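Beneath this line is the structure, given in structure tokens, with notes to follow.
The values are calculated or read from the model by the stated rules, or taken from the named source; none is laboratory data. Here the structure is a predicted model, which means the values were calculated and not measured. Quick reminder, even Gly has a Cβ in these numbers, built from the backbone with ideal geometry, and neighbours come from all protein chains shown.
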Amino acid sequence: MARRTAVAWAALGPLLWGCALALQGGMLYPRESPSRERKELDGLWSFRADFSHNRRRGFEEQWYRRPLRESGPTLDMPVPSSFNDISQDWRLWDFVGWVWYEREVILPERWTQDLSTRVVLRIGSAHAYAIVWVNGVDTLEHEGGYLPFEADISNLVQVGPLSSQLRITIAINNTLTPTTLPPGTIQYLTDTSKYPKGYFVQNIYFDFFNYAGLQRSVLLYTTPTAYIDDITVTTSVEHDSGLVNYQISVKGSNLFELEVRLLDAENKLVANGAGTQGQLKVPGARLWWPYLMHKRPAYLYSLEVRLTAQMSLGPVSDFYTLPVGIRTVAVTESQFLINGKPFYFHGVNKHEDADIRGKGFDWPLLVKDFNLLRWLGANAFRTSHYPYAEEVLQMCDRYGIVVIDECPGVGLALPQFFNNVSLQNHMRVMEEVVRRDKNHPAVVMWSVANEPASHLESAGYYLKMVITHTKALDPSRPVTFVTNSNYAADKGAPYVDVICLNSYYSWYHDYGHLELIQQQLTTQFESWYKTYQKPIIQSEYGAETIVGFHQDPPLMFTEEYQKSLLEQYHVVLDQKRRKYVVGELIWNFADFMTEQSPTRVLGNKKGVFTRQRQPKSAAFLLRERYWKIANETRYPYSIAKSQCLENSPFT
Ligand code: GCB
């Protein structure tokens, strides 16, 4: 097959400097350093849902002005956590409207007295619209869940001797509108013979529960008043040297010096530079490899940045250390290349939810999931259908798990969702995603949407704009969206670098007819490839399975049916994966919660693990397959070492 010239985004790295983000300021992960402290505000917050008819009583009575307990009863609400599953009050489970969180904090005296310290309030995510007050002062607003936002609150806390006490009030609204991402609609049911006056429901167009609240950590951190605001790193490889291009933005001073040092994993200096931008050359660089592809995967350097600024109060220093993986990503007409070698995604789609915490970030869950990923031999996942917590991506960087980073562009199902306001919002969300995640070596591709109505003309224009914008924001990575349209009808596919296809043969149609899968899947792959000559990922496939249901011959919903369906897909994937199919991602890693409906039994049960992270039979099938593929494609002599693999029969 004729190979189209590889598009090596990494080589375009320096172009990144020309494409400044429209967003103001960076969103570096808050790390401690000799010049930075952090104070986590996780734990119990006071909470109240505004059940009033118009949901606006909190604003009418200005609940933010005084401690929340003074305006009525409050509940204890853990943060991070979704609020939905915590209480026994059923009205909270699918509550739509404003909820109020409040927390009182005592600040260290130095933070309030030292005028060369900057105090920042950072909210990891608040789904879906948030207004923040500090001591009753309107401080910050943000639209969109799943992404962080922050405000410099120094001038609110450095105001006098009593300022150590801080009251943070956050009002969050989970209402989705036709222009939010994901979109949704509110429907008033006006037939008074059936519904009480003012009765409404929220319609969503995606298949996961609309968990809401403070689902990621809230924290305060400090920087000096002159500070490292953002760092952008892209990497490439020239012969055996790694090239690390950096760009640094500084705020709070125009009179400063920047020193940049690149250290290896043993803390030895390998390159250094100065100034706001430059290129560091690392002879004999160790590359960041996905795990199972190399005997030493996921090698990380550290980029140490030191700022020294002259301020009226004297010199100020700021330090920030960023993990850096040197690797390249490129796409040809039939391959996805990492460090110039063909990479095959054998992985999963995930969701962030589990049991009572909903989508609340949780370390035990995170570590368990990564152990399960490695047990499976999964080398990749897609952040279906929204950006995951930053700590998840940090684990991927460290473990060598490859990520397709998806924005919350899910449920774009109706023609009215493709309007200019939505488009502007979608582009802003991509700016926020790229700004947050651009430096993670594990992130190898952006996905701007899942299953939009891409057969519509208006969707074609819309997707073209979002994809073009994302490529301008980050020329170093390929961009895709995930489609379930027909190859002949899809209006967005011309703009993607990799075709990502969802299909549910013998599940959502031809129920029970497993014998049709091979023919239908072959036709799917061949039609798409003939039309576009782009690499293809089977980005979803699977079957609903209730753990413990058994039937032979296999019937739908049993563990045997899930296994048989997967086996049929695997026959065709094996035929095509040496040609142009570059990946397979099972739907889903684990069962997850959805809205109630006659087609969902306590949520979506297509997981190969249960919601409690126990394996169904299909997990063992997948494990055998993934390790078989890994053993075929991994580097010679590579030994996969990890705590859970040492005794694996597959290593
Ligand atoms: C899909 C969607 C995913 C659903 C899945 C299903 O195509 O992308 O969000 O959960 O199908 O199980 O129906």
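Yes/no per residue for (1) closer than 30 Å to Thr594 by Cα; (2) surrounded by 24 or more Cβ atoms within 10 Å (Cβ to Cβ):
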site	(1), (2)
Ala330	no, no
Gly340	no, no
Lys359	yes, yes
Trp363	yes, no
Leu373	yes, yes
Ala380	yes, yes
Pro387	yes, yes
Gln394	yes, no
Ile401	yes, yes
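All but one of (1) at negative phi; (2) within 14 Å of the ligand (Cβ to nearest atom); (3) not basic (Lys, Arg) hold for Tyr580, so report the exception by its number.
(2)
Which residue out of Ser476, Ser539 is within 16 Å of the ligand (Cβ to nearest atom), buried (at least 22 other Cβ atoms within 10 Å of the Cβ), in contact (Cβ under 8 Å) with a residue 40 or more places away in the chain and polar (S, T, N, Q)?
Numbers: Ser476 fails: within 16 Å of the ligand (Cβ to nearest atom).
Just a single option satisfies the conditions, and that option is Ser539.
Keeping to segment 492-531, report how many residues are among the hydroxyl-bearing types (Ser, Thr, Tyr), more than 16 Å from the ligand (Cβ to nearest atom) and surrounded by fewer than 18 Cβ atoms within 10 Å (Cβ to Cβ).
Our first condition is that a residue be among the hydroxyl-bearing types (Ser, Thr, Tyr); within segment 492-531, this holds for 495, 503-506, 508, 511, 522-523, 527, 529, 531.
This time we only want the ones that are more than 16 Å from the ligand (Cβ to nearest atom), so: 495, 522-523, 527, 529, 531.
Remaining after also requiring surrounded by fewer than 18 Cβ atoms within 10 Å (Cβ to Cβ): 522-523, 527, 531.
Summing the residues that are among the hydroxyl-bearing types (Ser, Thr, Tyr), more than 16 Å from the ligand (Cβ to nearest atom) and surrounded by fewer than 18 Cβ atoms within 10 Å (Cβ to Cβ) in segment 492-531 gives 4.
Does Arg103 meet the test of being part of a strand (DSSP E or B) and in contact with a Ser or Thr (Cβ under 6 Å, 6 or more places away or on another chain)?
Numbers: part of a strand (DSSP E or B): yes; in contact with a Ser or Thr (Cβ under 6 Å, 6 or more places away or on another chain): no.
For Arg103, the condition - part of a strand (DSSP E or B) and in contact with a Ser or Thr (Cβ under 6 Å, 6 or more places away or on another chain) - is not met.
Could you give me the residue pairs with C-beta distances under 7 Å whose first residue belongs to segment 588-606 and is within 16 Å of Ile204 (Cβ to Cβ) and at pLDDT below 95, whose second residue is surrounded by fewer than 23 Cβ atoms within 10 Å (Cβ to Cβ) and hydrophobic (A, V, I, L, M, F, W, C) wherever it lies, and which are 6+ apart or on separate chains?
Close Cβ pairs (under 7 Å, with a partner that is surrounded by fewer than 23 Cβ atoms within 10 Å (Cβ to Cβ) and hydrophobic (A, V, I, L, M, F, W, C)) do not exist here.
Does any residue in segment 557-575 that is assigned by the TED database to the domain that holds Gly542 come within less than 7 Å, Cβ to Cβ, of a residue that is part of a helix (DSSP H, G or I) and among the hydroxyl-bearing types (Ser, Thr, Tyr) six or more places away or on a different chain, and which pairs are these?
Glu559/Ser617; Lys563/Ser617; Val572/Thr522
Taking segment 232-253 on its own, how many of its residues are at pLDDT 95 or above and either of a type in the set (Asp, Glu) or farther than 22 Å from His440 by Cα (or both)? Before you say what the answer is, go through the steps one by one.
Within segment 232-253, the subset at pLDDT 95 or above is 232-238, 241-253.
Filter once more, so that each one left must be either of a type in the set (Asp, Glu) or farther than 22 Å from His440 by Cα (or both): 238, 251-253.
Within segment 232-253, residues that are at pLDDT 95 or above and either of a type in the set (Asp, Glu) or farther than 22 Å from His440 by Cα (or both) number 4.
Of the conditions (1) touching a Phe, Trp or Tyr at 6+ places or on another chain (Cβ under 8 Å); (2) among the small types (Gly, Ala, Ser); (3) modelled with pLDDT of 95 or more, Ala618 fails just one. Which one is it?
Answer for Ala618: the failing condition is (1).
Given the conditions (1) away from the ligand (no atom under 14 Å from the Cβ); (2) part of a loop (DSSP other than H, G, I, E, B), which single one is not true for Val571?
So the condition that Val571 fails would be (2).
How about segment 167-196: which of its residues are over 31 Å from the mean Cα position of the chain (by Cα) and either surrounded by 16 or more Cβ atoms within 10 Å (Cβ to Cβ) or of a type in the set (D, E, K, R) (or both)? Spell out the reasoning first.
Filtering segment 167-196 down to residues over 31 Å from the mean Cα position of the chain (by Cα) leaves 188-196.
The answer is Asp191, Lys194.
Quick one: would you say Leu269 is more than 26 Å from Gln24 (Cβ to Cβ) and buried (at least 21 other Cβ atoms within 10 Å of the Cβ)? Walk me through it before giving the result.
Values: more than 26 Å from Gln24 (Cβ to Cβ): yes; buried (at least 21 other Cβ atoms within 10 Å of the Cβ): no.
Criteria not met by Leu269.
Looking only at segment 201-216, count how many residues are touching a helix residue (DSSP H, G or I) at 6+ places or on another chain (Cβ under 9 Å) and either β-branched (Val, Ile, Thr) or away from the ligand (no atom under 16 Å from the Cβ) (or both).
2
Restricting attention to strands (runs of 3 or more DSSP E) lying wholly within segment 217-273, give those where 3 or more residues are without any contact (Cβ under 8 Å) to a residue 60 or more places away in the chain. Even if it seems obvious, please write down each step before you answer.
Numbers: elements: 218-224, 227-238, 241-251, 256-263.
By residue number, 241-251, 256-263.
Scanning segment 114-165 for residues that are modelled with pLDDT under 95 and in a strand (DSSP E or B), which turns out farthest from Tyr227 (Cα to Cα)?
Per the criteria, the residue is His127.
Just one of Asp94, Asp85, Asp76, Asp42 is in contact with a helix residue (DSSP H, G or I) (Cβ under 6 Å, 6 or more places away or on another chain), in contact (Cβ under 8 Å) with a residue 24 or more places away in the chain and charged (D, E, K, R); which is it? Steps first, please.
Numbers: Asp94 fails: in contact with a helix residue (DSSP H, G or I) (Cβ under 6 Å, 6 or more places away or on another chain); Asp76 fails: in contact with a helix residue (DSSP H, G or I) (Cβ under 6 Å, 6 or more places away or on another chain); Asp42 fails: in contact with a helix residue (DSSP H, G or I) (Cβ under 6 Å, 6 or more places away or on another chain).
Every option except Asp85 fails the conditions.
Can you pull out the residues in segment 587-604 that are part of a loop (DSSP other than H, G, I, E, B) and near the ligand (Cβ under 9 Å from one of its atoms)? Steps first, please.
Initially, segment 587-604 is screened for residues part of a loop (DSSP other than H, G, I, E, B), giving 587-589, 591, 593-596, 598-599, 601-603.
Across segment 587-604, the qualifying residues are Trp587, Asn588, Thr594, Thr599.
On the basis of being of a type outside the set (Val, Ile, Thr), within 16 Å of the ligand (Cβ to nearest atom) and either modelled with pLDDT under 95 or part of a helix (DSSP H, G or I) (or both), does Leu565 make the cut? Can you show your working first?
Values: of a type outside the set (Val, Ile, Thr): yes; within 16 Å of the ligand (Cβ to nearest atom): yes; either modelled with pLDDT under 95 or part of a helix (DSSP H, G or I) (or both): yes.
Against the criterion (of a type outside the set (Val, Ile, Thr), within 16 Å of the ligand (Cβ to nearest atom) and either modelled with pLDDT under 95 or part of a helix (DSSP H, G or I) (or both)), Leu565 qualifies.
Do we find a residue being more than 16 Å from the ligand (Cβ to nearest atom), more than 22 Å from Glu150 (Cβ to Cβ) and buried (at least 20 other Cβ atoms within 10 Å of the Cβ) anywhere in segment 217-235?
Of all residues in segment 217-235, those more than 16 Å from the ligand (Cβ to nearest atom) come to 217-235.
Those still in the list that are more than 22 Å from Glu150 (Cβ to Cβ) too: 234-235.
Subset that is buried (at least 20 other Cβ atoms within 10 Å of the Cβ): 234-235.
Checked segment 217-235: at least one residue is more than 16 Å from the ligand (Cβ to nearest atom), more than 22 Å from Glu150 (Cβ to Cβ) and buried (at least 20 other Cβ atoms within 10 Å of the Cβ).
Here is a list of conditions, (1) at pLDDT 95 or above; (2) touching a strand residue (DSSP E or B) at 6+ places or on another chain (Cβ under 8 Å), and Ala354 meets all of them except one; can you say which number that is?
Against the list (1) at pLDDT 95 or above; (2) touching a strand residue (DSSP E or B) at 6+ places or on another chain (Cβ under 8 Å), Ala354 comes up short only on (1).
In segment 215-255, which residues are within 30 Å of Leu414 (Cβ to Cβ) and not polar (S, T, N, Q)?
Arg216
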